[in-house]
Amino acid sequence: MTQTTPPRVYLAGFDVFRANATEHGRYLKSLCEAHGLEGLYPFDNDVPPTSTPQKTAAMICDANINMIRRCDAVLANLNLFRGWEPDSGTAFEVGMAVALGKPVWAYFQATGTLREMITHDEQGFDEQGFQVEDFGLPRNLMLACSWVGSSTSVEVGVEGLAGYLLRGNTPVAG
């Protein structure tokens, strides 16, 4: 059976906090389209302002969760955000996609393994006294062991995810 509509890809990441978030979303969606995918960007959701910021936040959360449920895969920006870890909202979206059995492709600038990135003592503990993982992975094992592929840029990520979804190519890091 041939798929008649392009696979839908949820575009997860802290890109929604950029000053040019709408334009960047258009760029991400155009990358997807160029590779035979339909990009779903969180700003595609119609979330009218409500009486309180908390109600608006809940509507945004619900809309994004519903968008993830409708997608076929997730492309996740796992670059470092406000510290040594990816954005927590994006990590949630990746976890949800994995729980729903949807493939996730991650992209981020290669900065080495967690042990190489985070200062630690001889026993492997950071300055706060927490052990730094030593699995040779570029992100926390729960993220790195759950994606179908990863790349160093969104452009290569879209191409890799399209190959995975449309042509059944074996994913590789790159």
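Test of understanding: what is the full-extension gain from Ile60 to Leu100, defined as 0.36 nm times their sequence separation minus their Cα-Cα distance? Intermediate values should be presented prior to the final figure.
Working: separation 40, 0.36 × 40 = 14.40 nm, distance 1.96 nm.
That pair, Ile60 and Leu100, stretches by 12.4 nm at full extension.
Normalising by the residue count of the stretch 101-174, find the relative contact order in percent from Cα pairs under 8 Å and 6+ residues apart. It would help to have the intermediate numbers written out before the result.
Working: 97 pairs, mean separation 25.5, N = 74.
It comes to 34 percent, rounded to a whole number.
Antiparallel DSSP bridges in the chain: what percent, to the nearest 5?
Of those bridges, close to 5 percent are antiparallel.
Run the quick spin-label model on Asp134 and Arg115: label points 7 Å from Cα toward the beta carbon, then report their separation in nm to one decimal.
Once both label points are built, they end up 0.5 nm from each other.
Each label point is 7 Å from the Cα along the Cα-to-Cβ direction; what then is the distance between the points at Thr4 and Trp84, in nm?
Going by the 7 Å Cα→Cβ label model, 5.2 nm.
If one takes the longest principal axis of the Cα atoms in the chain, at what angle in degrees, from 0 to 90 and to the nearest 10, does the Cα axis of helix 88-99 lie?
70 degrees
So if I place +1 on the C-beta of Lys and Arg and -1 on the C-beta of Asp and Glu, and nothing else carries charge, what would the dipole magnitude of the stretch 78-174 be about its Cα centre? I want it in debye, nearest 20. Walk me through the numbers on the way to the answer.
Numbers: 5 positive and 12 negative charges, 113 e Å.
Computed charge dipole of the stretch 78-174: roughly 540 debye.
Just want the ordering: Tyr107, Tyr10, from fewest to most Cβ atoms lying within 10 Å of their own Cβ. Don't jump to the answer; show the numbers that get you there.
Numbers: Tyr107 23, Tyr10 26.
Final ranking by Cβ density, sparse to dense: Tyr107, Tyr10.
For the chain, the longest stretch holding no trypsin sites (Lys or Arg not before Pro) located in a DSSP loop with at most 13 other Cβ atoms within 10 Å is which?
Details: sites that count: Arg18, Arg82.
The longest uninterrupted stretch comes out as 83-174.
Taking only C-alpha pairs under 8 Å that are 6+ residues apart, what is the relative contact order of the chain in percent?
Numbers: 274 pairs, mean separation 35.1, N = 174.
So the answer I get is 20 percent.
Before rounding to the nearest 500, sum -39500 (n - 2.57) across all DSSP H runs of length at least 4 in the chain and divide by the residue total; then give [θ] at 222 nm in deg cm²/dmol. Write down the numbers at each step before the final one.
Values: 6 runs with 61 residues, N = 174.
Computed ellipticity for the chain at 222 nm equals -10500 deg cm²/dmol.
Once you have the Cα-Cα distance between Cys145 and Phe125, take 0.36 nm times their residue separation minus that, and quote the gain in nm to one decimal.
Details: separation 20, 0.36 × 20 = 7.20 nm, distance 2.23 nm.
Separation in residues times 0.36 nm, less the Cα-Cα distance, equals 5.0 nm.
Rule-based calculations on the coordinates, nothing more; no lab input. Remember, predicted model here, so these are calculated numbers, not experimental data. Backbone-built Cβ (ideal geometry, glycine too); neighbour counts: all protein chains shown.
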